[in-house]
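For reference, the structure discussed in these notes is given below.
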Amino acid sequence: MKKIFSYLKPHRGALTYTLFVKFLASMMDLFIPFILAIILDDIVPQRKPSLIYLWGGGMALCAILSITLNIYANRMAAATSGKVTRKLRHDLFKKLGDTSMAQFDRVSLSSAVSRLTTDTYNINQFLNRTQRMGVRAPILLIGGLILTSILDIRLTLVLALTLPIITLIIFFVTRYSVPLYDKQQTVLDKMVRVMQENIVGVRVIKALSKTPYEQRRFDGVNQQLSEVARKAGGVVALSNPLSSLTLNLGLTAVVLTGAYLVNAGLSRPGSIIAFMNYFTIISNAMMGITRIFIMSSKGIASARRIEEMLDLPEDQPLLLAEAEDSPWHIEFDHVSFSYNGVEDTLTDISFRLKQGQTLGIIGATGSGKTTLTNLLLRLYDPSSGRVLLNGRDLRS
């Protein structure tokens with residue numbers, strides 16, 4: 001993720017401003033239940049409608065400011081994440097253009113398409129959600145706990161007991177979902193490759209009556225993708241119900257404890273009602289943090305694949321070599337080449353041609369005829385030996 005975060009540096013000002021606006025909007029949300037508690041416990045007993053209208057107007061103002069600031073911040077977050085994703089896609093596309101054919105063979109066309117589309121989209125969603133909820137949710141959580149502790153520290157302690165359990169749920173969900181999302185993207189690459197081969201070779205498939213075979217082939221990879229996606233979705237789907245169950249059990253404990261305290265004269269009804277509102281805010285904040293971690297599972301998996309592509313070293317550097325005085329136009333000098341680094345496709349090939357001469361190359365399919373042309377065009381470099389054009393090494 002380090003390289004991905006480097007794309008955020010040019011937008012530090014916009015990010016800081018967005019987070020500041022989110023901070024203000026979150027504070028407005030936190031003030032509403034606190035004002036409600038004051039109205040119920042302190043203002044209503046005075047029986048002065050003017051004070052109720054005044055404090056009620058304050059609540060309404062906080063609500064309006066919260067909505068306005070959240071909408072504004074969300075629009076800025078979408079704009080920033082879009083700019084970052086556009087730059088990332090541009091650099092990834094440029095890297096694909098600079099990648100050697102040997103490296104491209106290892107990556108595969110289908111994987112390159114997935115990384116340029118699906119993976120960059122996951123990064124976009126991760127950046128967008130993080131800006132929208134990354135500040136809001138922690139502020140609502142921490143601020144809610146602080147304000148509830150001001151209202152009644154005993155009820156806050158009851159609520160705080162649920163937080164370690166939810167933290168463990170998020171940890172285990174994230175731990176098991178990231179590898180599954182990695183695998184899902186790999187299987188998606190296979191499905192894209194099968195689709196591409198079917199679209200490109202549709203005439204041959206129809207001519208040879210291979211349609212049923214290709215359907216079975218596609219069904220196989222489609223079923224594999226479905227199974228992986230179902231496993232990943234199943235793991236992630238545990239987070240919301242388990243978190244909700246934990247929070248609702250905590251809410252039940254808070255209600256029972258609050259009823260006991262009010263009955264014993266140790267707390268006030270307004271504080272309990274405000275506490276219930278804060279509990280809802282804290283619950284939503286915890287669910288927001290859960291969603292961020294779920295989104296980060298996809299984002300981390302996609303970031304790894306994109307960084308793997310961006311970090312590919314230069315595979316065909318230019319050599320500093322002077323042209324030799326040679327009468328030959330094309331010369332293969334003891335050339336050997338292997339696509340996979342294990343078995344040579346060409347072994348110790350040597351021949352020379354003068355300008356205007358013709359050479360016929362005959363061989364079975366897979367004997368290396370096209371490979372000779374690829375080496376001459378420098379789509380690949382020889383494993384050993386040299387290919388020269390007018391006495392100059394092609395690598396120069």
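The values are calculated or read from the model by the stated rules, or taken from the named source; none is laboratory data. Keep in mind that this is a model prediction, so the values were computed, not measured. Note that we place each Cβ from the backbone using ideal geometry, even for glycine, and neighbour counts take in every protein chain shown. Heavy atoms of the whole protein, side chains included, go into the accessibility calculation; ligands, DNA and RNA do not. Shrake-Rupley method; radii C 1.70, N 1.55, O 1.52, S 1.80 Å.
Arrange the peptides 49-59, 318-328, 182-192 so that the one whose residues have, on average, the most other Cβ atoms within 10 Å appears first.
Details: 49-59: 13.2, 318-328: 11.0, 182-192: 19.1.
Going from most to least packed, we get 182-192, 49-59, 318-328.
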>> Need the C-alpha centroid separation for the range 222-291 versus the range 293-348, integer Å.
In response: 53 Å
> In whole Å, what are the Cα extents of the range 18-141 along the three principal axes, biggest one first?
Replying inline: 82, 20, 18
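Placing +1 at every Lys and Arg Cβ and -1 at every Asp and Glu Cβ, with all other atoms neutral, what dipole size does the chain have around its Cα centre, in debye to the nearest 20? Spell out each step's value before the answer.
Values: 43 positive and 29 negative charges, 272 e Å.
The calculated dipole for the chain is roughly 1300 debye.
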> Local charge sum around L141 (other residues, Cβ-Cβ under 14 Å, Lys/Arg +1, Asp/Glu -1)?
Replying inline: +2
>> With a 10 Å cut-off between alpha carbons and a GNM built on the chain, which of F275, F337, F34 moves the most?
In response: F337
>> On a 20 Å Cα-Cα criterion, which of the cross-link pairs K2/K95; K2/K87; K2/K22; K9/K87 come out too long?
In response: K2/K22
>> Which residue fluctuates most in the GNM of the chain (Cα springs below 10 Å): R291, R230, R203?
In response: R203
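Going highest first, how would you order 92-99, 18-25, 210-217 by mean Cβ packing within 10 Å? Could you put the intermediate results ahead of the total?
On the way: 92-99: 14.0, 18-25: 19.0, 210-217: 11.9.
Those peptides, ordered most packed to least, come out 18-25, 92-99, 210-217.
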> Based on Cα positions only, what radius of gyration and what Dmax would you give for the range 83-205, in angstroms?
Replying inline: 22.6, 76
> Roughly how many Å² is the accessible area per residue of the chain, as a whole number, for a 1.4 Å probe?
Replying inline: 56 Å²
> the range 144-184: D in µm²/s via Stokes-Einstein (Kirkwood Rh, Cα pairs, 4 °C, 1.567 mPa s)?
Replying inline: 107 µm²/s
> At a 1.4 Å probe radius, carbon and sulfur cover how many percent of the accessible area of the chain?
Replying inline: 63 percent
>> If you fit an axis through the alpha-carbon atoms of helix 211-237 and take the longest principal axis of the Cα set of the chain, what angle between them do you get, 0 to 90°, nearest 10?
In response: 30 degrees
> When the Cα centres of the range 25-101 and the range 131-177 are compared, how far apart do they sit, in Å?
Replying inline: 19 Å
>> Suppose we keep just the alpha-carbon trace of the range 116-186; what are its Rg and Dmax in angstrom?
In response: 17.1, 52
> Given C-alpha coordinates of the range 217-323, what is the ratio Rg to Rh with the Kirkwood estimate of Rh?
Replying inline: 1.38
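At 1.002 mPa s and 20 °C, plugging the Kirkwood radius over alpha-carbon pairs of the chain into Stokes-Einstein gives what diffusion coefficient in µm²/s? Spell out each step's value before the answer.
Working: Rh = 26.7 Å.
Translational D for this selection: 80 µm²/s.
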>> Can you order the peptides 351-357, 218-224 by their average number of other Cβ atoms within 10 Å per residue, highest first?
In response: 218-224, 351-357
> Which value results when the Cα radius of gyration for the range 286-377 is divided by 2.2 N^0.38 Å?
Replying inline: 1.93
> Which Cα, out of Q125, I150, A207, lies furthest along the positive dipole direction of the chain (beta carbon charges, K/R +1, D/E -1)?
Replying inline: I150
>> What does the net charge come to around N340 if you take all other residues with beta carbon closer than 14 Å to its beta carbon, with K and R at +1 and D and E at -1?
In response: -2
